[in-house]
1. Return only the number of the condition from (1) assigned to a loop (DSSP other than H, G, I, E, B); (2) crowded, with 23+ Cβ neighbours inside 10 Å; (3) away from every other protein chain (no Cβ under 13 Å) that B:L131 does not satisfy.
2. Are any residues in segment B:1-14 away from chain A (no Cβ under 14 Å) and within 18 Å of the chain's Cα centre (by Cα), and if so, which ones?
3. In segment A:274-302, what residues are within 8 Å of another protein chain (Cβ to nearest Cβ) and polar (S, T, N, Q)?
4. Can you report the number of residues in segment A:193-204 which are in contact (Cβ under 8 Å) with a residue 60 or more places away in the chain and surrounded by 24 or more Cβ atoms within 10 Å (Cβ to Cβ)?
5. Out of all the residues in segment B:262-300, which are surrounded by fewer than 24 Cβ atoms within 10 Å (Cβ to Cβ), polar (S, T, N, Q) and outside any loop (DSSP other than H, G, I, E, B)?
6. Say whether the condition of being touching a Gly at 6+ places or on another chain (Cβ under 9 Å) and closer than 26 Å to A:D123 by Cα is met by at least one residue in segment A:42-63.
7. Count, please, the residues in segment A:109-128 that happen to be crowded, with 21+ Cβ neighbours inside 10 Å and at the interface with chain B (Cβ under 9 Å from one of its Cβ atoms).
8. Regarding segment A:158-172, can at least one residue be identified that is under 24 Å from the mean Cα position of the chain (by Cα), in a helix (DSSP H, G or I) and within 14 Å of chain B (Cβ to nearest Cβ)?
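The values are calculated or read from the model by the stated rules, or taken from the named source; none is laboratory data. All of these numbers come straight from a predicted model, not from anything done at the bench. Cβ placement follows ideal geometry from the backbone for every residue including glycine, while neighbour counts extend to all protein chains displayed.
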2 protein chains.
Amino acid sequence: MPTVHDLDTPSILIDAARAEANIARAQAHADKNGLKLRPHIKTHKLPYWAKKQVAAGAVGITCQKIGEAEVMADAGLADIFLPYNILGRAKLERLLALHRRVTLSVTADSTATLEGLAASFADGGHPLPVLVECDTGMGRCGVQTADEAVALARQIDRAGGLTFGGLMTYPAAGRAAEAEAWLAGARQALVASGLACERISSGGTPDMWRSSEASVVTEYRPGTYIYLDRYQVAKGVGTLDDCALTVLATVVSHPTPARAILDSGSKALSSDTLGLPEFGELLGMPGARVTGLSEEHGTVTLANGASLRIGERVRVVPDHCCVVTNLFDQVHLIDGDKVLETLPVVARGRMG
Amino acid sequence: MPTVHDLDTPSILIDAARAEANIARAQAHADKNGLKLRPHIKTHKLPYWAKKQVAAGAVGITCQKIGEAEVMADAGLADIFLPYNILGRAKLERLLALHRRVTLSVTADSTATLEGLAASFADGGHPLPVLVECDTGMGRCGVQTADEAVALARQIDRAGGLTFGGLMTYPAAGRAAEAEAWLAGARQALVASGLACERISSGGTPDMWRSSEASVVTEYRPGTYIYLDRYQVAKGVGTLDDCALTVLATVVSHPTPARAILDSGSKALSSDTLGLPEFGELLGMPGARVTGLSEEHGTVTLANGASLRIGERVRVVPDHCCVVTNLFDQVHLIDGDKVLETLPVVARGRMG
């Protein structure tokens with residue numbers, strides 16, 4: 001069996017046992033609180049983990065692109081939520097083809113999106129559930145008021161090939177209570193209008209962990225919980241020891257005592273820090289932080305006695321693991337130093 | 001012939017005539033000033049453009065990864081510079097194989113790197129030129145003093161399979177004069193030690209444009225000049241009308257009058273802004289800036305009368321084009337609305 005010492009750098013290592021433990025822990029929390037889990041596959045982009053998530057009790061999966069959903073459907077995933085406004089003939093045709101082979105649901109936040117869906121799914125065979133996306137504070141997509149949500153829900157209800165599927169939001173970080181109040185108000189307005197709202201879907205790993213039975217939310221779409229990263233640790237979701245994804249890198253230069261350079265730059269670790277002050281840290285070496293990135297160089301600043309030597313191989317915990325998996329064509333599942341399996345990141349780079 | 005209207009979004013469009021003009025303009029500047037151009041292929045990652053750059057007069061190309069160099073060698077590029085510390089048996093074996101089929105040169109900034117090169121290339125057939133990387137202010141890789149440069153040059157000179165190839169730097173942005181003085185001093189120290197220093201290689205599109213015959217630099221490795229981007233425009237290298245690369249995107253949501261959402265997020269436009277305050281701007285729409293990104297959403301803030309409608313297709317000029325081409329599996333060469341050719345980004349995602 002190959003070991004991590006046989007791998008070239010940079011490479012993504014996934015501690016399989018940690019990922020499995022993270023899946024089990026989240027599912028147990030969801031089960032205990034009567035919540036449905038619908039994991040977002042954007043984090044791993046692998047049917048391998050999607051199937052494990054469903055086997056553990058997830059009601060289905062979430063994809064963000066039709067191309068991701070197609071990959072997952074090909075691999076046998078049967079229930080897919082695509083919380084995105086799908087527009088344009090080419091994408092609507094692919095969406096209809098998906099609808100004919102898996103249990104599909106989507107979202108919309110405008111009449112323009114709904115008109116396209118209604119026209120394409122008029123002869124869809126069975127109705128497509130469409131959830132209304134709500135802007136509960138994130139300031140991205142979504143209707144702005146409960147009245148708008150009711151108006152769109154009515155439009156969905158009237159369309160022959162569609163059926164109103166509930167509400168969807170991605171809440172602003174740390175503002176779950178605000179989202180909760182927003183959604184409760186919208187549900188009330190819907191019920192007052194005679195529209196049942198049985199599914200309320202929310203996102204985000206930190207919020208999922210804070211959720212409880214008392215929530216108006218019925219379903220969570222956490223992504224990062226499976227691998228975790230420095231951002232999640234900063235948010236209190238687990239510790240560095242729970243992080244399953246690391247980037248194996250080599251020290252290629254050590255120009256000054258406090259500065260070492262890795263062969264892993266923004267093309268391996270990504271420039272996306274989610275607001276953290278550094279780009280990553282070296283596993284087991286608290287004084288070694290990645291403080292700068294260019295495309296093929298990662299600058300490590302050494303402090304508190306941390307030391308490195310040229311040629312040494314290290315493991316970097318990145319800030320945001322989801323964007324890292326999009327940069328690599330493959331990941332290696334490991335158990336200690338053993339490489340259990342090497343998987344192509346088949347849903348990577350799906351643009352449409 | 002297909003048109004851009006036939007393409008799904010997000011897609012990369014390359015205005016072929018603009019890229020050709022940018023190649024010609026830079027080569028003319030280099031020729032006029034007696035400088036050699038050795039374009040960095042990291043910007044386009046395509047043999048198609050590498051060949052055009054060489055045909056226009058470039059002395060060869062620059063790659064940052066062995067995997068990129070292998071792709072380019074396979075495509076017939078004959079002279080490749082790899083300005084990187086190559087370490088580890090697997091990479092050194094691939095480097096030796098490359099050396100046997102193309103005119104190769106590399107860099108080193110430590111005895112550790114040199115020891116690996118010397119051991120691997122002892123029986124290389126003909127010596128491998130190794131340039132000493134110098135930190136002239138960038139604070140990344142590179143020796144810190146002229147004395148260190150001389151010591152490494154001597155070590156290269158003594159190694160049987162290697163030959164001292166000169167000096168290499170990537171200068172800090174806006175500090176070309178400092179780099180110039182550093183390199184002139186090191187060259188003088190080398191010559192005083194009896195080591196000829198005929199090749200001095202520097203990088204960066206803005207510096208290349210500011211260079212002149214009086215410079216100590218003999219060779220530039222500009223990358224971005226072929227496509228240009230918002231960062232280069234901010235640095236005074238051309239205008240938005242010279243930018244050859246845009247990302248074709250669709251407006252998928254318009255939740256408030258001042259906010260529209262594109263189907264192009266950090267997975268298409270990258271989080272790397274090179275310090276600019278926004279992530280991109282819409283071509284021909286000065287009041288429409290990309291002010292926020294999540295993985296699959298680009299938030300456009302509309303001002304000064306700019307307006308968009310849901311379903312509309314727009315073209316985004318990104319901040320940093322090199323990282324954008326690494327995110328897409330293909331690019332489309334265009335002439336106006338016509339799609340001339342669709343090219344796979346064959347050197348994309350080369351990690352090792």
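1. (1)
2. Quick first cut of segment B:1-14, residues away from chain A (no Cβ under 14 Å) only: B:1, B:14.
Within segment B:1-14, just B:I14 meets the criteria.
3. Within segment A:274-302, A:S294, A:T299 meet the criteria.
4. Final tally of qualifying residues: 1.
5. Selection gives B:T291, B:S294, B:T299.
6. There is at least one residue in segment A:42-63 that is touching a Gly at 6+ places or on another chain (Cβ under 9 Å) and closer than 26 Å to A:D123 by Cα.
7. Residues in segment A:109-128 being crowded, with 21+ Cβ neighbours inside 10 Å and at the interface with chain B (Cβ under 9 Å from one of its Cβ atoms): 4 in total.
8. no
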